[in-house]
Amino acid sequence: WLQTGLKWRPRTPPRQDSGSGSQAVAMGADGHAEGEPPKKQLKTTPSPGKELGMTWGVPEGGPVLAPKPGEGVLAAMTYQGDDVPRGLLASGQVRTMRDGSGSDGEYFGCDFVRRDVLVTNGRDREFSVDSHGFTLTADKVEHIDYFDHEHVLKDYYPTCCELVKRLTGASEVFAFDHNVRSKRLSDAKEKIKGGSAVQGPAFVVHNDYTVTSAPRRVRDLAMPPKVNDTLRKVLGDQPLIDPSTVEEKLKGRWALINVWRNIKDTPVKKLPLAICEGPSVPLEDVVTFEIHYADRVGENYFAGKSSEHKWFYFPEITIDEAILLKVWDSRGAAFADHPSAPGGGSGGEKKDVVLATFSFHSAFEDPSSLPDADDRESVEVRTVVFY
């Protein structure tokens with residue numbers, strides 16, 4: 001039996017790998033494990049539910065040493081198998097339904113496979129949103145009850161907008177959505193006061209938007225909020241963005257950036273966030289995943305495993321630090337020639353192109369975590385940025 005992160009099912013036994021998560025290794029070590037034989041047919045996959053957020057146990061021999069800055073750990077990430085259709089546009093074959101609480105139904109066309117990667121302690125590096133797709137920053141703020149929906153909307157959203165504006169030099173920033181995550185509280189089916197369900201950490205390598213869904217989401221924000229929109233209780237039928245200006249804004253540079261924060265007084269020591277450098281993701285490995293809501297369709301990107309991926313994390317991140325995680329940039333180099341980009345696909349002028357279009361990411365089980373480590377609790381706020 002092979003635990004896939006979704007359910008237990010019989011599979012052809014994989015070849016022996018180099019021992020996932022068994023030791024701390026220096027930067028540049030080979031974290032690639034040989035793959036399993038591809039399946040001949042894709043099948044419907046049951047809703048992941050809490051199984052997708054389960055942990056895979058302490059490595060044999062106990063936890064490994066915590067990696068020093070510049071060193072890393074071998075850890076398993078959840079990718080898509082070789083038979084899942086690749087493509088930057090939706091195929092209609094890879095999808096799910098999402099309900100009003102933010103929970104997914106069955107997954108169609110997915111094949112979640114575990115692959116070893118090297119995840120490097122990035123605390124000795126300077127990362128930028130433009131070049132890498134993410135950055136870590138000290139950000140000591142007045143903290144609130146993050147499990148109170150109204151407090152987050154009224155008090156924390158403005159704080160996030162100010163942070164993103166200051167670090168990116170944007171002219172306008174609008175916060176429009178957020179998730180609070182905790183495996184323990186998600187397993188207990190806890191809900192945020194006045195809001196949706198607490199979500200578990202996302203254990204799938206993904207990016208939040210695609211070349212199609214990113215501009216569509218911005219246009220949606222210039223319309224009355226829909227059923228699943230977080231701001232509906234605050235805005236009513238009032239759009240977040242002035243509808244008369246949205247098309248002009250989309251002609252310039254804009255981006256979608258998440259603000260990720262630990263919300264416990266203690267540092268994160270379990271199920272941390274790993275981030276893949278944007279430019280290290282080959283587009284031929286990308287899978288478009290459709291999310292069908294009651295009144296709209298969203299899209300994420302999943303990915304297949306690539307030896308080019310460069311993964312980083314920030315061990316023991318504190319409540320007074322924040323990660324800016326870029327999930328789309330209209331000036332990203334990967335899509336500079338795409339018809340959706342200003343001047344793209346037409347030989348026109350391409351201004352202010354930056355290296356990183358996005359940053360794939362995932363929660364992961366850190367093999368250096370102690371068995372009794374506290375559960376991670378975090379919040380990410382989604383913002384749209386206009387330069």
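Worth pointing out:
- Distance between the modelled labels on Asp104 and Asp155, one decimal in nanometres: 3.3 nm (7 Å Cα→Cβ projection).
- Straight-distance crosslink candidates among aspartates and glutamates, where the alpha carbon sits under 16 Å from Lys154 and sequence neighbours closer than 8 are dropped: Glu142, Asp145, Glu162, Asp177, Asp229, Glu380
- Sorted peptide list for 236-244, 290-298, 180-188, criterion being average Cβ within 10 angstrom, highest first: 180-188, 290-298, 236-244
- Whole-Å distance, taken between Cα centres, linking segment 357-380 and segment 233-292: 18
- Inter-label distance, nm, simple model (7 Å from Cα along the C-beta direction), Asp237/Glu172: 2.2
- Rounded if a/c under 1.5, otherwise prolate or oblate - segment 160-274, Cα gyration tensor axes: prolate
- Gap separating the Cα centres of segment 159-217 and segment 296-340, nearest whole Å: 13
- Set Lys191/Lys326; Lys251/Lys310; Lys249/Lys326 screened for pairs whose C-alpha atoms are more than 24 Å apart: Lys191/Lys326; Lys251/Lys310
- Under 15 Å from the Cα of Lys68 - aspartates and glutamates, other chains or at least 8 residues apart: Asp124, Glu316, Asp366
- Calculated FRET value between Asp352 and Glu126, using beta carbons and R₀ = 30 Å, to 0.05: 0.90
- Bridges between two residues of segment 231-387, per DSSP, are antiparallel at a rate of about 95%.
Values in this text are rule-based calculations from the coordinates and carry no lab data. Everything quoted here is computed from the prediction, not taken from an experiment. Note that we place each Cβ from the backbone using ideal geometry, even for glycine, and neighbour counts take in every protein chain shown.
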